[in-house]
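Shown next, in structure tokens, is the structure this report addresses.
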Number of protein chains: 2
Amino acid sequence: MPPAPAGRPRQTHAERTDRSDRRMLDAAVELIVAHGPEKTTLKDVGERAGYSRGLAGYRFGSKQGLFEFVVRSVGEQWLQQLTAATAGKTGLAAMHAAIHTHYRFLLADGQHMRAFYILWFSSAGPESDTKNIVLGIDARRRDDVATWVNAANRTRAADQQLDAHAIAGQFGASIIGIAYHWLAHPDDHAGIKQLHDQLVHTMTLYMTQGHSA
Amino acid sequence: MPPAPAGRPRQTHAERTDRSDRRMLDAAVELIVAHGPEKTTLKDVGERAGYSRGLAGYRFGSKQGLFEFVVRSVGEQWLQQLTAATAGKTGLAAMHAAIHTHYRFLLADGQHMRAFYILWFSSAGPESDTKNIVLGIDARRRDDVATWVNAANRTRAADQQLDAHAIAGQFGASIIGIAYHWLAHPDDHAGIKQLHDQLVHTMTLYMTQGHSA
DNA sequence: GTTCCATTTGCTTGCGTCAAGCAAGTATAT
DNA sequence: ATATACTTGCTTGACGCAAGCAAATGGAAC
């Protein structure tokens, strides 16, 4: 085998697609954050990633396909961080960890999270292909919380059982509300911290008192 | 002047535009709810309203202009209902009324509210013209709540003052979270009621206890 | 084990379709 | 008659498809 030429090392097919996928993901994130999904064009994504105007369309099939890919990719990264942060924890401790991780992720703000939530909210309309993915992540978040509550319930008296479904629902809705505030007011660091702290506080109240429905 | 033909009575200019505005508003709402803002075209709005393909574009200038009009119109209706429901009330009573009114509005669901929130969330991205209107409504909502809290503060001891800004922030974020849940899960009536009830409960806790930060 | 060719896969370019937006024209109210 | 409501013709640009080129892969013959 000849030594790899300096300029462009020989690449396998898998390496090629991995490279182009990553570069197009980054390009898409930047464009979505800068101009919104509406004004993000497949042409610009391909060219900003260093390829032709047509590659994004070819690879992802459609604009929706591209957005689907972005949500899936970033969502996966996020879920990994989350599960790592809450590994081994249950009940209130797990919630605290989840909320804190969410807070840290929003502040770190490598743009990916911002594009993720922009697409998330854009999928609020009907018949969006990204909607199913978003709903999946949403449902999983709720399931996690419900599991934590149920675990806590096993250490509680029979007449002090918590409504896992209700608490999980409120947790999910609160996170969404916070994420929206973060999108709408990017510079309100104090407010974003406050909202997370208040969610911790509210969840603590719900989990430490005998509260039913 | 010949007697007005039965089919179409002679109309003043104001009447004409009022009619076409209303019909196009309704058409836009239906299309947004049915297909999402993305797939809603100015052509379809004009034609569904019973006019030519070009009227919506001519009247509102652009697609963003149309959406702006929809958000403004529905938002105005909503604010009227809200101020009517909370007139004369302050503190916790006003919050209860506001939450209950919101809940009733979501359930009544004449599609207008659904289109309104779909556009609301679609404006989460940057540089959306509707964003300013949405932020205005959002800010006003927060101001209202802060005013209610401040009114309540006047009847409280100096060392028991509530953080109006923080409570208003949480109120606003919670409503957004609930609205998103309503959009994402239209048929989950129980969950939507529960979220409103929980917000009432949380606000009651915050307002009746000496809670700081 | 090396060389050569068939095939697959990654990527680009050209074209048809359709919505947005503008400008010029027609119809209706004042 | 004149201003205003509305329509129609046209341009621009994005999307998405299909045809084509280039690079990588798998095997067979040597």
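In the protein assembly as shown the Cα-Cα distances spread across 10 Å bins starting at 0 as 4, 19, 27, 24, 14, 7, 3, 1, 0, 0 percent of all pairs. If the cut-off is a Cα-Cα distance under 18 Å, which lysines reach A:Lys43, setting aside same-chain residues fewer than 8 apart in sequence? Those lysines meeting the cut-off are A:Lys63. For the range B:57-90, the residues whose amide N sits under 20 Å from a probe point set 7 Å from the Cα of B:Asp143 along the beta carbon direction are B:71-90. Spin-label pair B:Ala157-A:Thr83: with each label point 7 Å from Cα along the Cα-Cβ axis, the two points sit 5.1 nm from one another. Shown for B:Gly61: label points 7 Å from Cα along the beta-carbon vector, and their distances to the equivalent points in the other copies, 3.9 nm in ascending order. Placing a label point 7 Å from Cα along the Cα-to-Cβ direction at B:Pro186 gives distances to the equivalent points in the other copies of 3.3 nm, listed shortest first. A probe of 1.4 angstrom, applied to the heavy atoms of all protein chains, finds B:His185 with accessible area near 50 square angstrom.
Scanning chain A for long hydrophobic helices, with DSSP H runs required to stretch 24 angstrom or more by C-alpha along their axis and to average at least 0.5 on the Kyte-Doolittle scale, returns A:91-108, A:164-184.
Roughly speaking, what is the centre-to-centre gap between the range A:95-110 and the range A:33-94 when only Cα atoms are used, to the nearest Å? First find each Cα centre; the distance between them is then 18 Å.
Under a model in which nothing but the beta-carbon of Lys, Arg (+1) and Asp, Glu (-1) is charged, chain B shows a dipole of about 640 debye around its Cα centre.
Classify the range B:98-170: rounded, prolate or oblate, from the alpha-carbon gyration tensor (a ≥ b ≥ c, eigenvalue square roots; a/c under 1.5 rounded; otherwise prolate if a/b is larger than b/c)? Oblate. Mean residue ellipticity, 222 nm, helices only, chain A: the sum of -39500 (n - 2.57) across DSSP H runs of n ≥ 4, divided by residue count and rounded to 500, is -24500 deg cm²/dmol.
Annotation note: trypsin sites (Lys or Arg not before Pro) in the range A:109-207 located in DSSP loop regions with a Cβ neighbour count of at most 15 within 10 Å are A:Arg154, A:Arg156. Remark on the range A:32-137: Rg and Dmax equal 15.8, 50 Å (Cα only). The share of alpha-carbon pairs in chain B lying farther apart than 26 Å comes to 45%.
The values are calculated or read from the model by the stated rules, or taken from the named source; none is laboratory data. Values in this document were obtained by computation on a predicted structure and should not be read as measured data. Virtual Cβ from ideal backbone geometry, glycine too; neighbours counted across all protein chains shown. We work out accessible area using only protein heavy atoms, side chains counted, and drop any ligands, DNA or RNA first. Shrake-Rupley method; radii C 1.70, N 1.55, O 1.52, S 1.80 Å.
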